2 protein chains.
Amino acid sequence: MLADGVTAGRDLPPFPLSAVDGFALRARDTLEASQLSPRTLKLADGERVSRGEARRVWTGNRLPPGADAVVMLEHTEEKPGGIQVRAPLTPGENVSKRGEDVRRGEVAVGAGTRLRPHHLGLLAALEMTHVSVSAGPRVALLSTGDELVEPGVKPGPGRVVDVNRLILSRMCLELGAEPLDLGIAKDDVEEIGARIREGLEKADVVVTTGGTSVGRMDLVPAAVDQVGTPGVVVHGVAMRPGMPTALAVVSGKPVLILSGNPVAAVVGFEVFARPLLLRLLGAEGEARPTLRARISRRVPSALGRRVFLRVYAFERGGEFFAEPVRIRGAGNLSTLTRANGYVIIPENLEGLEEGAVVTVHLFDRVGRR
Amino acid sequence: MLADGVTAGRDLPPFPLSAVDGFALRARDTLEASQLSPRTLKLADGERVSRGEARRVWTGNRLPPGADAVVMLEHTEEKPGGIQVRAPLTPGENVSKRGEDVRRGEVAVGAGTRLRPHHLGLLAALEMTHVSVSAGPRVALLSTGDELVEPGVKPGPGRVVDVNRLILSRMCLELGAEPLDLGIAKDDVEEIGARIREGLEKADVVVTTGGTSVGRMDLVPAAVDQVGTPGVVVHGVAMRPGMPTALAVVSGKPVLILSGNPVAAVVGFEVFARPLLLRLLGAEGEARPTLRARISRRVPSALGRRVFLRVYAFERGGEFFAEPVRIRGAGNLSTLTRANGYVIIPENLEGLEEGAVVTVHLFDRVGRR
C-alpha cells in the first residue's frame, strides 16, 4: 500500500518513440504522396533522417533525429535502395510523444494504491526504486477456552483444536496487516485480562475469539472492562452467525470480541475487523468484489437478524447463480471451504425466495457449471 | 495449491456439540411441555444430565452425557433451582452431530484447491498439519535489447529501464509460479541463444520479451530455432497489442516470445503464459474474475485483430460500467496502472458502440463512482 503519492521526476517516455513497426520519416516529404503517384524515400545511411530519407524502426525505438512521423510497415513497399509511400502522413503520426505516458510533475501513482506488478513497472520506469509504503496495522489475536489445544497437538477427550488464530492470522496477512499471536487463554478473567493488556501494548488492534455469549458467560467482555476504559461499547449484535460479538475500546485502541465458533469468528472478522483494518491501511474503498446472482433455492431466515449466508456462486449459460452451501450446522467450517462468497439477508426479511437476485460478496473465484 | 486431495482421518465435530446457547436436556422429558403446562427441569449437579435435568451449555460445547437435545436460552425461563420449558423438543434438536461438518473418509479438501485461510482452519481441525502442495512451475525470464538497463541503473541517453522482468516476475509470483532471472541479453542471436539454453536447463517455461517483430528483426525466434527443435511454432498473432508474439517449443518445454513493449508483454503474458502456468499448477479453471458492464464510450477497433482494451470498471447506482483508459499510446504503462481489467474486442468487429455490454476480465477491484 503506497503511503505517499509518487510524483514523476521525469517524462515517460523520456523521448519520442515509434509506436509501430515501420519507417521513420519527415511528414513533409509525404505531403503529395498518393496511390497514383507514390513517393519514394531513400534509406538513411546514418542515425539521422534527412530530407527525402526514411529509416527502419520497431515499436518502442527512439525516433531518429530529423524524423517526425512513422509510416507503418504494411503501408509501404520496398524498392531498390528505398521504400515507397502511397499516402501523406501528418507530423507526430505513429509517434509516442515525450511525456505522453506520464508527464514530469504529475502524480504517477496515488497514495493508498495497493501496488500491483504494473505499478512496480511504472515506478521502475520512472527510476523510483524506493517508495514509502504503509506499515500494516498490528493485530493481536487471542483465543480463549479451557477446551482448546494448539494446532498440531492431539486433542484429548472433549477438547478441540483452536483454528481461529490460524484462520484470522491468514486473513490479516491477506489484507496487509501483521498478526501477533497472544496464544490461548483459559476461561479465567484475570488471565484473559493480562493477555489483552499485552496485546494493547504491542498491537494496534486486539481481536479475541471465545468467552463471549449473549447469555451469562461473558469472560472476555468482563476482562476488557477491567483492563481499561471506556471498555465494552456494544455487546450482542443482531446478526447470524456472530450474535455474541462485542466491540470495545481501551485507551483509544479497538478490541473486537468475536464468537468462539470458527464460522462466527470469520464472519465477525469480515464484518467488523476487515473494514477497520482497511481503514487503518488507508484503503477503505477496498471492499470484496461483488456479483449479482440468482439464489438457486429458497432460504428461510430469522426476522430481526441480519444473516450472512455462505454461498457458492457460479456461472451457467451466461447467467450467475448463488447456491447456499447446504450443510446442516451453521457452525461448520465446510460451509466456508465449500463457499466462494456470502450473501447478506437483511433483518427485515424472513428469507429469500428461489430465483431472488442477490449480491454476492466474493472471497474466492466464481465457478462454472 | 493442494497437490493431493485430503481425506478426513476423523469425524468433525469429533463429538456432538451444542449448536446454540441454552440448556442441554433429554428431549423425552419435554414431550408434554406446552405454553399452558410448562415443564420444569432441575439443573444437573455434575457433568451428566439425568432424567428431569438440564445443564447450561454454550455454542460449541460438547453435549453433556445423557443429553440428546438443547433448548435455546431464549425459549426458557429461569426458576429457583431449575428452568422452565414451554414446548417439546425433538432428539437432536440444536445439536451438531458427530461428523456433520466432515465425515471420516470423506475428501475434505480436493486436489488443486488454492488453500484459503478457511481451508487451513479445516485442515488443522482435522489434525492435518502437513499436506502436499504443488511446487510452482519455474519460469525463466529474459529481456533482450541493446537499449535496456537494469531497474535502478540510470539510463543514459537513448536508453530505457527494462521493466518487463520486474512486472512478469511479480505476475508469476501472484499465480504461485517461481520466476528465475536470465537478465538482459544484447541484440545478438548467439547471446540470446545461450541465455535461452540456460533457461531451458533450469526452468519449466522460458518467457522472453523484445527481439521479435512482424517484420525483419526476429532475433529471438532465430535464436530459439538454433537452440533446438521443433522451435518456433507460431510467429505473429492477430492481436493488439502483442502482434509480434511467437510461441515455440524446445525439447518439450514451452518458450513464449513476447513483444518488448511492456504493455504488449503484459497482455501476451496474460493471454498465453497465465493459462499455461495455471495448467502446470493444476488450476486450469482459475480464470480472472469477470464482470458484465456497459462500455462508457465508443471504441474503434481494427477488423481482423483481437484487441485487448484496458478499462476501468466501476459501479454507479447499481449498474456496472467499463471506461476505456483514454491515453493516446497503446504502449503506455499507465494504460495498465489506471485500469482494473480488460475487455476483448473480437476480430470480427470494427469496434464497440457506446453502451454495448461487454465482459470485463478483472485484475483489480471494481471501483465506485
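The values are calculated or read from the model by the stated rules, or taken from the named source; none is laboratory data. Note that this is a predicted model, so its numbers are computed, not measured. Cβ atoms come from the backbone with ideal geometry, glycine included; neighbour counts cover every protein chain shown.
Which of the residues spanning the range A:136-155 are within 11 Å of chain B (Cβ to nearest Cβ) and not charged (D, E, K, R)?
A:Gly145, A:Leu148, A:Val149, A:Pro151, A:Gly152, A:Val153, A:Pro155
Among the candidates A:Val325, A:Val311, which residue alone is under 21 Å from A:Ala265 (Cα atoms), modelled with pLDDT of 95 or more and among the β-branched types (Val, Ile, Thr)? Please lay out each step first, then the result.
On the way: A:Val325 fails: modelled with pLDDT of 95 or more.
Being under 21 Å from A:Ala265 (Cα atoms), modelled with pLDDT of 95 or more and among the β-branched types (Val, Ile, Thr) holds for just one of A:Val325, A:Val311, which is A:Val311.
Would you point out the residue of the range A:85-97, among those that are away from chain B (no Cβ under 11 Å) and either loosely packed, with under 15 Cβ neighbours inside 10 Å or basic (Lys, Arg) (or both), that is nearest to A:Pro16 (Cα to Cα)?
In the first step, residues of the range A:85-97 are kept if they are away from chain B (no Cβ under 11 Å); the result is A:85-91, A:93.
Now restrict to residues that are either loosely packed, with under 15 Cβ neighbours inside 10 Å or basic (Lys, Arg) (or both): A:86-87, A:90-91.
Values: A:Arg86: 24, A:Ala87: 22, A:Thr90: 15, A:Pro91: 12 Å.
Result: A:Pro91.
Mind listing whichever residues of the range A:322-369 are more than 14 Å from chain B (Cβ to nearest Cβ), of a type outside the set (Gly, Ala, Ser), surrounded by fewer than 20 Cβ atoms within 10 Å (Cβ to Cβ) and touching a residue at least 40 places away in the same chain (Cβ under 8 Å)?
Correct list: A:Pro346, A:Glu347, A:Asn348, A:Leu349, A:Glu350, A:Glu353, A:Glu354.
For the range A:199-216, which residues satisfy the criterion of being outside any strand (DSSP E or B) and either outside the structural domain of A:Arg165 (by TED's automatic domain parsing) or touching a residue at least 24 places away in the same chain (Cβ under 8 Å) (or both)?
Residues satisfying the conditions are A:Gly199, A:Leu200, A:Lys202, A:Ala203, A:Asp204, A:Gly210, A:Gly211, A:Thr212, A:Ser213, A:Val214.
Within the range B:133-153, restricting attention to residues that are touching a Lys or Arg at 6+ places or on another chain (Cβ under 6 Å) and not aliphatic (A, V, I, L, M), which residue is nearest to B:Leu280 (Cα to Cα)?
If we take residues in the range B:133-153 being touching a Lys or Arg at 6+ places or on another chain (Cβ under 6 Å) and not aliphatic (A, V, I, L, M), then B:Ser143 is nearest to B:Leu280 (Cα to Cα).
With respect to B:Leu182, determine if the residue is among the hydrophobic types (A, V, I, L, M, F, W, C), within 11 Å of chain A (Cβ to nearest Cβ) and either over 17 Å from A:Arg10 (Cα atoms) or not in a helix (DSSP H, G or I) (or both). Let's see the steps before the verdict.
Working: among the hydrophobic types (A, V, I, L, M, F, W, C): yes; within 11 Å of chain A (Cβ to nearest Cβ): no; either over 17 Å from A:Arg10 (Cα atoms) or not in a helix (DSSP H, G or I) (or both): yes.
So B:Leu182 fails the test.
All but one of (1) part of a loop (DSSP other than H, G, I, E, B); (2) of a type outside the set (Val, Ile, Thr); (3) buried (at least 23 other Cβ atoms within 10 Å of the Cβ) hold for A:His118, so report the exception by its number.
(1)
Say whether the condition of being out of contact with any Lys or Arg (no Cβ under 9 Å at 6 or more places or on another chain), charged (D, E, K, R) and within 11 Å of chain B (Cβ to nearest Cβ) is met by at least one residue in the range A:192-211.
No, the range A:192-211 contains no residue that is out of contact with any Lys or Arg (no Cβ under 9 Å at 6 or more places or on another chain), charged (D, E, K, R) and within 11 Å of chain B (Cβ to nearest Cβ).
Would you kindly identify the strands (runs of 3 or more DSSP E) lying entirely within the range A:1-75 that contain at least 2 residues that are touching a residue at least 12 places away in the same chain (Cβ under 8 Å) and of a type in the set (Val, Ile, Thr)?
A:69-72
If we keep just the residues of the range B:16-57 that are among the hydrophobic types (A, V, I, L, M, F, W, C) and loosely packed, with under 15 Cβ neighbours inside 10 Å, which is farthest from B:Met128 (Cα to Cα)?
If we take residues in the range B:16-57 being among the hydrophobic types (A, V, I, L, M, F, W, C) and loosely packed, with under 15 Cβ neighbours inside 10 Å, then B:Leu36 is farthest from B:Met128 (Cα to Cα).
Would you confirm, using the coordinates I've provided, whether B:Val237 is in contact with a Ser or Thr (Cβ under 9 Å, 6 or more places away or on another chain), free of Cβ contacts under 8 Å to residues at least 40 places away in the same chain and part of a helix (DSSP H, G or I)?
Taking the combined requirement at face value, the residue does not satisfy it.
Tell me, please, whether a residue that is within 19 Å of A:Ile184 (Cα to Cα), more than 14 Å from chain B (Cβ to nearest Cβ) and among the hydroxyl-bearing types (Ser, Thr, Tyr) can be found in the range A:225-246.
no
Does B:Val249 count as part of a strand (DSSP E or B), over 25 Å from the mean Cα position of the chain (by Cα), over 24 Å from A:Gly22 (Cβ atoms) and not charged (D, E, K, R)?
yes
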